[in-house]
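One structure is given here, and the rest of the page talks about it.
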Amino acid sequence: MNARNLPSIDGNLLLEALDATDRALLAPHVERREVSRGDVLFRAGDDVSHVTFPVQRCVVTLVVPLVDGKSVETATIGREGAMGGVVSHGYLPAFGQAVVQVGGSVIRIDAARLSEAKHVSKGIRDLFVRYADCLLAQVLQSVACNAAHTIERRCLRWLLTLQDRIGTAELPVTHELLADMLGVRRAYLTEVLGRMQREGLIAIGHGRITLPDRIRAEAGACECHATVRRHFEEVMGAVYAPGGRIIAVDVAEPERLRPPSTVVREGSP
């Protein structure tokens with residue numbers, strides 16, 4: 001296939017961080033599709049045969065469903081990342097489920113094809129090892145946050161994480177969605193949001209929540225948001241705009257970045 005006719009992998013920062021040679025390895029296997037809010041990309045127990053990369057403002061949340069019908073967020077992934085077979089060879093049963101929170105486009109690559117490309121290219125292998133480290137950090141920090149911090153701080157942490165990925169002060173979030181992500185009853189969350197609005201931390205609209213002052217929101221959130229953000233900077237070379245949005249991933253000079261954790265390096269193919 002002529003290079004000019006290869007499918008585009010633009011719009012996902014993880015893929016855009018690859019050089020031209022590595023992009024050419026993946027581009028023939030790229031599939032684009034549109035997803036809508038509420039779509040479930042995979043459920044717990046599914047064989048996940050593809051790695052999915054959100055594009056532009058599309059956001060997907062990894063959640064763990066519980067037997068009482070609740071589910072709790074473990075990671076929120078936008079155009080800086082991917083989900084499903086990221087570090088494995090693919091075709092493994094999923095532990096949780098991936099739910100689209102902000103609709104848009106996604107790029108899909110067969111997990112076996114991606115695994116082959118990792119073996120061929122050190123650059124692709126290093127990029128995904130680094131991203132796996134950051135995804136694990138996000139999951140672990142989410143566990144700690146859910147166990148140790150107040151609902152108000154957890155709420156701000158989640159809203160800031162979403163803002164980092166879509167880059168707008170106005171966030172397409174309903175009370176029901178946020179309650180699901182935080183694992184609390186909607187009625188209780190509504191009381192909490194009301195207090196936060198009276199304090200000027202958020203503004204509530206129909207089907208949306210606005211962060212009018214990001215600096216105040218960051219001060220009111222727990223340390224978890226800043227900790228994960230810093231890890232992305234140190235391990236992935238993540239670049240953030242003044243308003244908080246992730247605008248680039250730069251691993252062109254891996255020697256200047258912190259090496260991924262031993263656990264992730266040993267567990268990667």
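The values are calculated or read from the model by the stated rules, or taken from the named source; none is laboratory data. Worth saying up front: this structure is predicted, and the values here are computed from it rather than measured. FYI the Cβ positions are ideal-geometry reconstructions off the backbone, even for glycines, and counts take in every protein chain you see. Accessible surface is based on the protein model in full, side chains and every heavy atom, while ligands, DNA and RNA are left aside. Shrake-Rupley method; radii C 1.70, N 1.55, O 1.52, S 1.80 Å.
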| task | Identify, by number, the condition in (1) open to solvent by 10 Å² or more (accessible area, probe 1.4 Å); (2) in a helix (DSSP H, G or I); (3) without any contact (Cβ under 8 Å) to a residue 60 or more places away in the chain that residue 137 doesn't meet. | result | (3)
| Quick check, is residue 23 surrounded by fewer than 19 Cβ atoms within 10 Å (Cβ to Cβ) and not β-branched (Val, Ile, Thr)? | no
| request: State which residue is nearest to the chain's Cα centre (by Cα) when the search covers only the stretch 255-269 and only residues that are at pLDDT 90 or above and surrounded by 14 or more Cβ atoms within 10 Å (Cβ to Cβ). | output: 260
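Considering the stretch 224-233 alone, what residues qualify as being of a type outside the set (Val, Ile, Thr) and surrounded by 15 or more Cβ atoms within 10 Å (Cβ to Cβ)?
Hits for the stretch 224-233 are 224, 225, 229, 231, 232, 233.
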| request: Starting from the stretch 178-190, keep only residues that are free of Cβ contacts under 8 Å to residues at least 12 places away in the same chain, then list their pairs with residues that are open to solvent by 60 Å² or more (accessible area, probe 1.4 Å) whose Cβ atoms are within a distance under 8 Å, requiring at least 6 positions of separation or different chains. | output: 179/185; 179/186; 179/188; 186/176
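Can you tell me which residue in the stretch 140-160 is surrounded by the fewest Cβ atoms within 10 Å (Cβ to Cβ), limited to those that are polar (S, T, N, Q) and touching a Cys at 6+ places or on another chain (Cβ under 9 Å)?
Within the stretch 140-160, the subset polar (S, T, N, Q) is 141-142, 146, 150.
Still in the list and also touching a Cys at 6+ places or on another chain (Cβ under 9 Å): 141-142, 150.
Working: 141: 20, 142: 24, 150: 10.
The residue in question is 150.
Return yes or no: is residue 73 among the charged types (D, E, K, R) and at pLDDT 95 or above?
So residue 73 does not fit the description; no.
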| task | Give the stretch 103-115 a look and list any residue that's at pLDDT 95 or above, open to solvent by 10 Å² or more (accessible area, probe 1.4 Å) and either in a helix (DSSP H, G or I) or on the phi < 0 side of the Ramachandran plot (or both), or say none. | result | 103, 105, 108
| query | Out of all the residues in the stretch 169-181, is one or more touching an Asp or Glu at 6+ places or on another chain (Cβ under 9 Å), at pLDDT below 95 and open to solvent by less than 40 Å² (accessible area, probe 1.4 Å)? | reply | yes
